[in-house]
1. With θ set to phi - 60°, apply the Karplus curve 6.51 cos²θ - 1.76 cosθ + 1.60 along segment 34-45 and write out the HN-Hα couplings as whole Hz, x wherever there is a Gly or Pro.
2. Rg and Dmax of segment 15-58, using alpha carbons, in Å: what are they?
3. Using 0.36 nm times the number of residues separating HIS20 and HIS46, minus their current alpha carbon distance, what extension gain do you get?
Amino acid sequence: MAALICTKPGHRPRLIYRIHLDRGPAKGRRKGFTETDYARLLDAAHQQLGGPIVLVWDNCETHEVPPGSRV
């Protein structure tokens with residue numbers, strides 16, 4: 001599961017999330033979210049909220065993207 005808690009002054013907080021369904025072991029398939037999945041989640045949040053997003057990342061090693069790569 002990946003989730004964003006979104007706040008905006010004067011509005012109630014919102015939770016926007018995506019669930020990763022594990023369809024069992026498969027050769028070459030990732031167990032978790034890909035960089036593209038995170039990018040789609042952020043894009044969906046941007047569309048739903050209708051404004052800029054300030055992202056605070058938890059710096060967990062499983063979320064790291066190799067230097068120089070683009071999401």
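1. Along segment 34-45, the couplings run 9, 4, 5, 4, 5, 4, 5, 4, 5, 5, 4, 5 Hz.
2. 13.1, 39
3. Values: separation 26, 0.36 × 26 = 9.36 nm, distance 2.00 nm.
Full extension of this stretch gives 7.4 nm more.
Taken together, the values in this text are just the output of simple stated rules run on the coordinates, not laboratory data. Remember, it's a predicted structure, so these values are computed and weren't measured experimentally.
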